[in-house]
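> If you scroll down you'll find the structure; I have some questions about it.
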Amino acid sequence: VLRDVSDQKAYEQGIEAQNERLTEFAGIVSHDLRNPLGVVEARLELAQQECETEHLDEASDALDRSQALIDDLLTLAQEGERVAELEPVALSDVIEQCWDGVETDHATLEVEEMPVINADRSRLRQLFENLYRNAVEHSGSNVTVRAGAMDNGFYVADTGPGIPESERAAVFEAGYSHKKEGTGFGLRIVEQVADAHDWDVAVTESAQEGARFEITGVKTVN
């Protein structure tokens, strides 16, 4: 029995060390990639001031996607990390703050009365921001997004086309996307944040036949 416990401890320490190396590597790669991309962005802005062509617009879109990929890959490097410290977080505040921080065009946000929960505020922001981006990217700029409370958690639903039942299990896989401009990592990050809190996340159909993401196993603050 002692040997089994020792082997398990060694295995856990090995996984922890591996995760630390992966996070460090992702940080270095992210830093080294951002520098040349920053130069490209500055030069591209100067070129756009001197001439107008759709080729420069397409280059700018590709640059934006590259930067989004770096952000998502750096976030995914945290996979497997449990949240270190939890604090009381007012869900309604985080929901609205995240909405203001995401490009939502003409989309509308509706928020029900929400509880205070125990969570890592920074990681929770990642969850909501990626759910919002997913709704706007796949449902259009006029989509309505609704956030509400459940008995043991909360949900985020939209009025978009929804996700076919046959594809719902695959949406949380890294690289899954129907949009060429999408990175395919957004919903994987959502699942990762939920896992880090020991929550569960599932996708179903909203009342308006759009997508509804339900996060359960959430502990509220009395």
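> Take the residues of the range 118-138 that are polar (S, T, N, Q) and within 17 Å of HIS197 (Cα to Cα): which is surrounded by the fewest Cβ atoms within 10 Å (Cβ to Cβ)? Can you show your working first?
Just the residues of the range 118-138 that are polar (S, T, N, Q), to begin with: 118, 122, 126, 130, 134.
From what is left, the residues that are within 17 Å of HIS197 (Cα to Cα) are 118, 122, 126, 130.
On the way: ASN118: 15, SER122: 9, GLN126: 21, ASN130: 25.
Top of the filtered list is SER122.
> Would you point out the residue of the range 139-158, among those that are touching a Gly at 6+ places or on another chain (Cβ under 6 Å) and surrounded by fewer than 22 Cβ atoms within 10 Å (Cβ to Cβ), that is nearest to GLN126 (Cα to Cα)?
Checked the range 139-158; the qualifying residue nearest to GLN126 (Cα to Cα) is TYR155.
> When you look at ILE215, is it closer than 21 Å to LEU109 by Cα, among the hydrophobic types (A, V, I, L, M, F, W, C) and assigned to a strand (DSSP E or B), yes or no?
yes
> Here's another thing I want to ask about it. Could you give me the residue pairs with C-beta distances under 7 Å whose first residue belongs to the range 41-55 and is assigned by TED's automatic domain parsing to the domain that holds ALA68, whose second residue is surrounded by 10 or more Cβ atoms within 10 Å (Cβ to Cβ) wherever it lies, and which are 6+ apart or on separate chains?
So the pair list comes out as GLU41/LEU63; LEU44/LEU56; LEU44/ALA59; LEU44/SER60; LEU44/LEU63; ALA47/LEU56; GLN48/LEU56.
> Here's a follow-up. Restricting attention to the range 103-117, report how many residues are surrounded by fewer than 20 Cβ atoms within 10 Å (Cβ to Cβ) and at pLDDT 85 or above.
10
The values are calculated or read from the model by the stated rules, or taken from the named source; none is laboratory data. Note that the structure is a prediction, hence the values are computed from the model and not measured. Every residue, glycine as well, gets a Cβ built from its backbone with ideal geometry; the counts of neighbours run over all protein chains shown.
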